[in-house]
Amino acid sequence: MLRRSPRSLGLPLLALLTWSTAVAAQDAVDYRQDRATNFLFVEAQKLRERGDWKGALGIYQGLLDRESPPDLMLRMATGQLVGVREKARRELAGLPAEFKSLYEELYGADAARALAKAREAKDAGAVLEAVRRYPIAPGAAEAEAQALAALLPPPDREDAPGFGVPPAAGVGAEPFRASAGLAWTYVSPDAAAGGENPLPGSAIVPVAAGPLLLLHLGAELVAVHRASGETQWSARPTRAAIGDPGAKDFGGPVPPFRVPACAHGSAAAVLDVHPIDGDARTVQHLLLVSLRDGLTRWGTRVSVVAQRAQAAEAMIYSPPLLAGTRLYVAVLLRPSGAGAHVPGLACLETAKGRVLWVTPLPYRRSAEATGLGGSPLIQSTALGRGAGRIYVPTNRRTLAAVDAVTGEALWCQDYGALPTVPPGSPAVTDVLGTNPVLVADGAVVTAPCDSPYVLAYPEDGGKLRWKAGRAFSPHLLGSRDGLVFLAGNLAQALDLGTGLIRWQHRVFAGEPGPRGCLAGSEVLACRLDGFLRLSAATGEPSSGGAAGAGAETGTPKAFAWRGGLGFGNLYVSGELLLVASGDRVLAFRNATATGPRKSGGETTGGDLGECVAKLGSRRWSERQAATERLTGMGSAAVAALEAARADEDPEIAWRAARILERIHASELLEGEK
């Protein structure tokens, strides 16, 4: 069906054409295309060459007005795949100024009415729909920015570890001192009882959630207090909590793999997998749990995603990504009839777990999917996020960008023609692992499981900027100051613009090295003698060499090659350096001044309110500075802090309580003098 607009002059032409979708027959990449749509863009170009700008504008607007499949794409001369509506938007954005004025004359009134109606309804999603339909109308850019901020707010914490949404600057606000001391140790119940790592080859990934750290142990989600390491709650959902009477309780055999949780606001999303029919099959559920008590708010079985996609079966193969009111997961779809398994992206609302849309994505035919219908299990992927887009490494030799609101496939790049092993490198695809997608300085950087390269593309999905082999540095850590950092046997820094190696430092020889992390101006890696600290700018070992306590106090030596994971993967969360293996987490606290101090002057209500608000800042440095300032205010800040203990933001509430403890302790000491 086509939606008509009174001034869409190209629609009479559209009505004459037969809508027929087909899969590219001679293309190495499988994607949905339509010959009639291809013909329309050719006709629009001919009209522009003849000076018939009204006719060309009508065709472009007609393509934006009609409802077309979200995965409908065009093959560009550069080899890039671009979504049909995205192509129309790009053509309109590239018009000369005088013809943009003509567009405003023809469609400005329609755009204004659509935006006004959406704003009146206070519907950010409808505002974005209107902007996508009228992309160069007056006020469209401002409306888009406001709606995206409301619908898809930025990640809660700049320093959140894991595969959620790593910031462009990497993680960790400050370098770690050589005197960083062991703060606490968490040992999983199985390991505490003398058992082995229940999930060989799978490490715990700590995820920051305000004052908590979330640890997905496979059969349950555990929340530990970041300051003490004490368990606050554990979530082991039952059939009643999930709302799925056909599923077994989450006890019994441990799931075959562990996926990191993702926290945002007052909730966390987690993917749980448990066996049915003995160990022959598993069932997946997406769960949303409360950070306050670990209770399940809702559970959605993966079969619901398959039904929405009109597929026979679906499998989730990425950690969940929470963004405001939306939750995203990568899925593998098995068609109802014969055919290859198709990768895709599913979006659910966070209120009740309703599936909003599922978009199939292009994939390379030669890259066999796995995990459904008796085929081997596909490796996990990780989603990226930036500027209203979700980036999906499909693990089928393609990288796709999807509109985070509408589900349109915006562009897709195929890297299947690249060699599977870089010249002079060993074949180590079995240890390349799951990596985040970085969005920094106009570039999208990915290190997918099915490629031995780090790949960098422009944000519009244009031609590959550069590729770099990562056989000895499989872990993508982050980006800052124009550099991309990797770790493993080698720690490396690549130029973000060119991919050239700026520096590299050998960390470990032999087995694949564990994941390192960024901490301010340093790169940290885990070795037998502690933590190797390298300057992020030069790669030179920092003053003090390896940081960490001796083996008798729980150093990385205690990990003793558990499950082939090395001594432990490193993550930074605020003031903590976390070392995680398959069954335990060690937390080392940074050596920073934390003692209370007296206030040097008068404190206003405005100062108090601003400082309390900054306790929930996305930047650890701002949160820490506000903590120190409020502590120094002493009794003048007590009333505001007491009120802040009930704040909806768990970070503000937790910090307020800790500051009050420090103030009261300081007052007691003063009274004893």
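Just a few scattered comments:
- Shape category assigned to region 56-145 from the gyration tensor of Cα positions, a/c cut at 1.5: oblate
- 5 angstrom amide H check on GLN284, placed H, neighbours 5+ away: VAL302
- Accessible carbon and sulfur surface of region 429-504 relative to its total accessible area, %, 1.4 Å: 48 percent
- Using 0.36 nm per residue and subtracting the Cα-Cα separation, the extra length available between ILE501 and ALA312 on full extension is 63.4 nm.
- Cα-Cα over 24 Å, subset of LYS46/LYS100; LYS87/LYS122; LYS100/LYS463; LYS54/LYS87; LYS87/LYS463: LYS87/LYS122; LYS100/LYS463
- Values of log10 I(q)/I(0), in the order q = 0.15, 0.23, 0.24 Å⁻¹, for region 465-517 under a Debye, Cα-only, solvent-free model: -0.35, -0.79, -0.85
The values are calculated or read from the model by the stated rules, or taken from the named source; none is laboratory data. Remember, it's a predicted structure, so these values are computed and weren't measured experimentally. Protein only, heavy atoms only, side chains kept; ligands, DNA and RNA dropped before computing areas. Shrake-Rupley method; radii C 1.70, N 1.55, O 1.52, S 1.80 Å.
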